[in-house]
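Below: the structure, in structure tokens.
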Amino acid sequence: MAETAGYYVVKKRALPEVLLKVVEAKRLIDSEKVESVQEAVERLGISRSSFYKYKDDIFPFHDTAEGTTITLTCQMDDEPGRLSRLLGIVGEFGANILTIHQSIPINGVASLSLSVQILKTTGDVSRMVSIMEQQQGVRHVKILARE
């Protein structure tokens, strides 16, 4: 049976340490802070075989998001200005808002679906989502899809 490529968006805290170290090793190599793969893996305490096994399969989300559309879902308290502040964060990060759909609030909580186009000038998408989640009255923000 042929294996098909599947993709998942996973929060950093859910990843095994070896995968995070592979990402860090790639960053060290790309930034030329080390002279070889061997030096990077020794510094981080992983094997070369682990590095080569995973290097093509893990990467920071923001590195590959350019030119794509992500769909976010949010739940937030129904308070004046809450939606405006979330949209302002998207604007501050230089992303293009394509669609917005907010449900009628139920029990003081509104659900929001937001499609955002990631541009060359867009900042770190993971950080954008994190800042959105930290806003007062925002219950959660999740990435539903990436096209």
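The values are calculated or read from the model by the stated rules, or taken from the named source; none is laboratory data. Fair warning: this is a prediction, and the values are worked out from it, not measured in the lab. Don't worry about glycine lacking a Cβ; one is built from the backbone with ideal geometry, like all the others, and counts go over all protein chains shown. The accessibility values were calculated without ligands, DNA or RNA, using every heavy atom of the protein model including side chains. Shrake-Rupley method; radii C 1.70, N 1.55, O 1.52, S 1.80 Å.
Before moving on, here are some points about what is shown:
- Complete set of residues in the stretch 118-147 that are surrounded by 12 or more Cβ atoms within 10 Å (Cβ to Cβ), without any contact (Cβ under 8 Å) to a residue 40 or more places away in the chain and over 13 Å from the mean Cα position of the chain (by Cα): none
- Members of the stretch 10-36 that are farther than 16 Å from TYR54 by Cα, open to solvent by 70 Å² or more (accessible area, probe 1.4 Å) and not in a helix (DSSP H, G or I): LYS11, GLU32, LYS33, GLU35
- Residue within the stretch 93-101 that is surrounded by fewer than 17 Cβ atoms within 10 Å (Cβ to Cβ), assigned to a loop (DSSP other than H, G, I, E, B) and either in contact (Cβ under 8 Å) with a residue 60 or more places away in the chain or touching a Ser or Thr at 6+ places or on another chain (Cβ under 8 Å) (or both) present: yes
- Among the residues of the stretch 118-147, those identified as assigned to a strand (DSSP E or B) and either touching a Lys or Arg at 6+ places or on another chain (Cβ under 8 Å) or closer than 17 Å to GLY88 by Cβ (or both) are VAL138, VAL141.
- Taking the numbered list (1) open to solvent by less than 50 Å² (accessible area, probe 1.4 Å); (2) touching a Leu at 6+ places or on another chain (Cβ under 9 Å); (3) closer than 19 Å to GLU147 by Cα in turn, LEU87 passes all entries but (3).
- Checked against (1) loosely packed, with under 15 Cβ neighbours inside 10 Å; (2) in contact with a strand residue (DSSP E or B) (Cβ under 7 Å, 6 or more places away or on another chain), SER115 passes all but condition (1).
- Condition met for VAL41 (in contact with a helix residue (DSSP H, G or I) (Cβ under 6 Å, 6 or more places away or on another chain), part of a helix (DSSP H, G or I), open to solvent by less than 40 Å² (accessible area, probe 1.4 Å) and not hydroxyl-bearing (Ser, Thr, Tyr)): yes
- Filtered residues of the stretch 104-117 (kept if assigned to a loop (DSSP other than H, G, I, E, B) and of a type in the set (A, V, I, L, M, F, W, C)): ILE104
- In the stretch 46-72, the residues that are at pLDDT 90 or above, within 16 Å of ALA25 (Cα to Cα) and open to solvent by less than 60 Å² (accessible area, probe 1.4 Å): ILE46, SER47, SER50, PHE51
A quick yes/no check of all residues on (1) among the hydroxyl-bearing types (Ser, Thr, Tyr); (2) under 22 Å from PRO60 (Cα atoms); (3) modelled with pLDDT under 90:
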position	(1), (2), (3)
VAL90	no, yes, no
HIS101	no, no, no
ILE118	no, yes, yes
THR121	yes, yes, yes
ARG127	no, yes, yes
GLN134	no, yes, no
VAL138	no, no, no
GLU147	no, yes, yes
